[in-house]
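First the structure, in the form of structure tokens, and then the observations on it.
The values are calculated or read from the model by the stated rules, or taken from the named source; none is laboratory data. None of the values given here were measured: they were computed from a predicted structure. With ideal geometry, Cβ positions are generated from the backbone for all residues, glycine too; neighbour counts draw on all protein chains shown. Surface accessibility is based on the protein's heavy atoms, side chains included, excluding ligands, DNA and RNA. Shrake-Rupley method; radii C 1.70, N 1.55, O 1.52, S 1.80 Å.
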Amino acid sequence: MEYYSTVDKSRRVPLAEAVMRSIAPDGGLYMPAMIPQLPKAFFNNISELSLGDIGYVITNTLFGSEIGSETIKKIISDTLSFEMPLKRVGEGKYGLELFHGPTLAFKDVGARFMARLSSHFSKGKGCNVLVATSGDTGGAVANGFYNLPGVNVFVLYPMRKMSRFQEAQFTTLGGNIHALAINGDFDDCHDLVRQVFMDSDLATRLNLVSVNSINVARLLPQTIYYFHAWARLPEHERRRGNVVFSVPSGNLGNLVAGVIAKRMGLPVSRFIAVNNSNDIFTEYLRTGRYLTRPIVRTLANAMDVGDPSNFGRLLDLYDGDHKLMAGEIQGVAYNDVEIGCTIRDTLDSCGLLLDPHGASALQGLHDCLASGETGIFLATAHPAKYQEEVEHALGRKIAIDNPLKGIAGRSRNIERIAPNVDALKKYIITHAK
Ligand SMILES: *Cc1c(COP(=O)(O)O)cnc(C)c1O
């Protein structure tokens, strides 16, 4: 299957090029030229398929014509090395726990897949990965690529704007992982990455790969867990139809993957997109106007985004038609006080401790689910990953069993880089593989 750029749809490239370039030379985002359909029969016995089986079918449907099924099998079993349980949280409400991977967040899925696919496409040539992160991306990508031979990773992140724990996930690895602290915010980091990739000579010479949620190899595998969640619903919920996903949204990669899953045939009726106080997207859904804004910091800081990088893809999926998009995606936004309330209430009422991102998505179900609908919210991060934020919301200390305890105490390797593209290029050229 070919991929086109959202800026100029007539330019089509093969998967390998879309993956290795990440951004089209015209600045557009790559989209599959055709969204493949799954056969109806697939849904008849889907509840008997394991996560790995479902992952294989979806990946084969998306990428089978470019990479052989043996490679797909290997990549998928390496990628989906952890569970994603669906838990009932109330009448017609379920949470999909996407946080049992190596960095305790859903970004592990896309990052692990992407790491293996790009190293497959590099075929022995060295490659250099460049990624900007405001939260969980850095850790997921760094861990996905950690120690993969022939790969160097540069993680750009806003200095002093992440939790100690988030920072520890990519600054303590060393080896092929370079952590670059930028004096600025996430949008500055993202912009620097964009500028480096616009230098196509440099990008080609260094075999530069970008692994933000803009890369199709990160985005498309995220469709897998929408199918998996649907498969794990009790049969009566599946039969009733009217399944709604509530998606805590920042750069909108997760939401775009959900919409693509629906276009592939997943019987979902609609989506709830949840923002925190950085409600650029939900404002767009409400008003039809897309107004970028400076970021404000919130408890759900992986959703602190002022100009969501996948917005162009959503526009593309709905042909720029605001009405069409707003008819299928309902937007709702919560501030820190509201998110904190949901964390407290959920712990009190059902003993379930949520992280701020998952909590916002559950609140989306509470407020937007109509009767007769079944809601699934994406629990995108483990509460232990946001211990400080959770304790702030609860107003007290709480013991959370952290599967990764220990990393916060390890020594860190951080390089401070001035927020300009030349300083960044110089560092990358010096340290490239
Ligand atoms: C990245 C992230 C989000 C937002 O996902 P997008 O695909 O950028 O919209 C939500 N929750 C957590 C925990 C994240 O790390």
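What to note about this one:
This table checks each residue for (1) in contact (Cβ under 8 Å) with a residue 24 or more places away in the chain; (2) in a helix (DSSP H, G or I).
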| site | (1), (2) |
| --- | --- |
| Ile376 | yes, no |
| Ala384 | yes, yes |
| Glu388 | yes, yes |
| Ala393 | yes, yes |
| Ala423 | no, yes |
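- Of all residues making up segment 38-93, the number that are open to solvent by less than 40 Å² (accessible area, probe 1.4 Å) and not in a loop (DSSP other than H, G, I, E, B): 18
- Of the residues making up segment 208-250, those that are within 13 Å of the ligand (Cβ to nearest atom), of a type outside the set (Val, Ile, Thr), modelled with pLDDT of 95 or more and not in a helix (DSSP H, G or I) are Phe245, Ser246, Pro248, Ser249, Gly250.
- Residue among Glu66, Glu83 that alone is farther than 21 Å from Lys107 by Cα and among the acidic types (Asp, Glu): Glu66
- Under the condition of being assigned to a loop (DSSP other than H, G, I, E, B) and either within 17 Å of Arg218 (Cβ to Cβ) or among the small types (Gly, Ala, Ser) (or both), the residues counted in segment 143-189 number 7.
- Odd one out for Gly27 among (1) closer than 18 Å to Ile224 by Cβ; (2) touching a residue at least 24 places away in the same chain (Cβ under 8 Å): (1)
- Residue in segment 116-142 that is farthest from the ligand (Cβ to nearest atom), counting only those that are assigned to a loop (DSSP other than H, G, I, E, B) and farther than 27 Å from Ser249 by Cα: Gly124
- Being open to solvent by less than 10 Å² (accessible area, probe 1.4 Å) and in a loop (DSSP other than H, G, I, E, B) is a property that holds for Thr103.
- Any chance Asp336 is over 27 Å from Glu391 (Cβ atoms), open to solvent by 30 Å² or more (accessible area, probe 1.4 Å), in contact (Cβ under 8 Å) with a residue 24 or more places away in the chain and not basic (Lys, Arg): no
- Reported count of residues in segment 395-421, each being open to solvent by less than 70 Å² (accessible area, probe 1.4 Å), outside any loop (DSSP other than H, G, I, E, B) and within 27 Å of Thr298 (Cβ to Cβ), is 4.
- On inspection, Ala168 does not qualify as within 24 Å of Leu378 (Cα to Cα) and either touching a Gly at 6+ places or on another chain (Cβ under 6 Å) or not charged (D, E, K, R) (or both).
- Test: Phe145 is modelled with pLDDT of 90 or more, within 16 Å of the ligand (Cβ to nearest atom) and touching a strand residue (DSSP E or B) at 6+ places or on another chain (Cβ under 9 Å): no
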